[in-house]
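To start, the structure under review is shown below, and the notes come after it.
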Amino acid sequence: MKSLKASVSAILLSGLLMGGAFAGEVKSIAILTPEEGTDYGWNQQGVAAAKAAAEAAGIEVIVAQGLGYGDVRPTLRELAEEGASLLIAHASGYNTSAPEIANELKVPVAIVDTPDALKKGLVADYTLSGHEGAYLAGRLAAKMSRSKTVGIVVSGEPPSWNSQSAAFAQGVKAENPEVKVTYAVIGPAAYSDAAGGKRVTESVIAAGADIIFGQGNGSSFGMLQAVETTKAADGGKVHFIDVIGDKTAIDKGFLLTSVIWDITPVYAAMIADLKADTFGTKRYAIGLKDDSVKLLKTGEIPDDVWSQVQALREDVLSGKIKVEPVFEASAVRALMTNVTE
């Protein structure tokens, strides 16, 4: 594990709180990420959101990144001892150790993928779901697939990935029931496995998919590489649909869209709940309504198709189309045409 000196950067963000009362209650927050905050995805969006929420509150944020998926208890203890008012454990692999440290040191922690772990004043869960955006991405994929076969490649089956996979498949079938959906899992926790991402994505393309919906953190770079270097069955381009972040800066013309997440409102709500003494009593959500979930518009999407997808977005917002999250892996697999591991 990297030492805090090497892996933790403390960023003091200026600003005063109204009335100054809150400053004594929440002086700083810390976010811990398994990979570097440069992945255009889960880790980067988490770091960016923590910085933005802290800046809005006029408090300090400490970023502990690249910590891996092992035991982070020493890092959690050190950050708590440094005086962090909230420890954001931004990885499903931390959802056991973080509550233990919370109970041991009486420091509030936020974890993911454990909705039943709420404990007033100490433990909050932010198992987020971009299912509404993923549904729209599925409608888009079905509209644009030439082969009438699309693929979903995931680096594991955590609740957040499951809800998006299910909604994507539902969107595909709602648009065109004839489109096949091939579902492939790189491994049980292959979040940073770029080589595995490339290998599995190539196999899904070989099975006929010309659009890949990839959910993977670091492994998504392997997925994108496969899309860039592998032709579809008709000899044409394969498109990639990403999640959480925006890979436009490194795209070579293969990125169709991304289900973008903005986690800033979630972390801001946590800070407010600490102030109100309601931390650990509620769950947090993101969605289309406040644009904390949205689709990325790229030049690969024809204007008329984008207009159709935006009309569908309005139908979701109005309730005309209902998209319910599906968190169980078995229920997700039941929605797929083909499942490979």
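The values are calculated or read from the model by the stated rules, or taken from the named source; none is laboratory data. Note that the structure is predicted; figures quoted are calculated from it, not measured. Here the Cβ positions follow ideal geometry from the backbone for every residue, glycine too, while neighbour counts run over all protein chains shown.
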Task: Matching option when the condition is among the aliphatic types (A, V, I, L, M) and closer than 28 Å to I62 by Cα, among I321, I241, I301, I271 - done: I271
TODO: Run S163 past the list (1) part of a helix (DSSP H, G or I); (2) modelled with pLDDT under 95 and report the number of the one that doesn't hold.
DONE: (2)
Task: Boolean, G280 is farther than 20 Å from W42 by Cα, under 22 Å from the mean Cα position of the chain (by Cα) and in a loop (DSSP other than H, G, I, E, B) - done: yes
- [ ] Could you please find all residues in segment 315-332 being touching a helix residue (DSSP H, G or I) at 6+ places or on another chain (Cβ under 9 Å) and surrounded by fewer than 16 Cβ atoms within 10 Å (Cβ to Cβ)?
- [x] L317, K320, K322, E324, E328, A331
TODO: Could you please find all residues in segment 292-341 being among the basic types (K, R) and touching a residue at least 60 places away in the same chain (Cβ under 8 Å)?
DONE: K294, R313, R333
Task: Subset tally (residues that are in contact with a strand residue (DSSP E or B) (Cβ under 9 Å, 6 or more places away or on another chain), without any contact (Cβ under 8 Å) to a residue 60 or more places away in the chain, part of a helix (DSSP H, G or I) and surrounded by fewer than 24 Cβ atoms within 10 Å (Cβ to Cβ)) for segment 68-99 - done: 3
- [ ] Scan segment 25-67 for residues that are touching a residue at least 40 places away in the same chain (Cβ under 8 Å), among the hydroxyl-bearing types (S, T, Y) and farther than 23 Å from S97 by Cβ and jot them down.
- [x] Y40
Task: Hey, T230 within 20 Å of the chain's Cα centre (by Cα) and modelled with pLDDT of 95 or more or not - done: no
TODO: Return the pairs, sorted by first residue and then second, in which the second residue is small (G, A, S) and surrounded by 15 or more Cβ atoms within 10 Å (Cβ to Cβ), the first residue lies in segment 272-283 and is under 23 Å from E55 (Cβ atoms) and touching a residue at least 12 places away in the same chain (Cβ under 8 Å), the beta carbons are less than 7 Å apart, and the residues are 6+ apart or on different chains.
DONE: L274/S85; F279/G121; F279/A124
- [ ] For L295, state whether it is more than 23 Å from the chain's Cα centre (by Cα), on the phi < 0 side of the Ramachandran plot and buried (at least 20 other Cβ atoms within 10 Å of the Cβ).
- [x] no
Task: Filter pass, S145 being touching a residue at least 40 places away in the same chain (Cβ under 8 Å) and not assigned by TED's automatic domain parsing to the domain that holds I29 - done: yes
TODO: Output the residues belonging to segment 102-134 that are buried (at least 23 other Cβ atoms within 10 Å of the Cβ), assigned to a helix (DSSP H, G or I) and touching a strand residue (DSSP E or B) at 6+ places or on another chain (Cβ under 7 Å).
DONE: A102, E132, G133, A134
Open item on the list: Quick check on this structure: which one of A50, A142 is within 21 Å of the chain's Cα centre (by Cα) and part of a helix (DSSP H, G or I)?
Closed with: A50
Open item on the list: Kindly evaluate A207 against the criterion of being among the small types (G, A, S), without any contact (Cβ under 8 Å) to a residue 60 or more places away in the chain and either surrounded by fewer than 22 Cβ atoms within 10 Å (Cβ to Cβ) or within 23 Å of N43 (Cβ to Cβ) (or both).
Closed with: no
TODO: Spot the failing condition for L256; the list is (1) of a type in the set (A, V, I, L, M); (2) within 23 Å of the chain's Cα centre (by Cα); (3) assigned to a helix (DSSP H, G or I), and only one is missed.
DONE: (3)
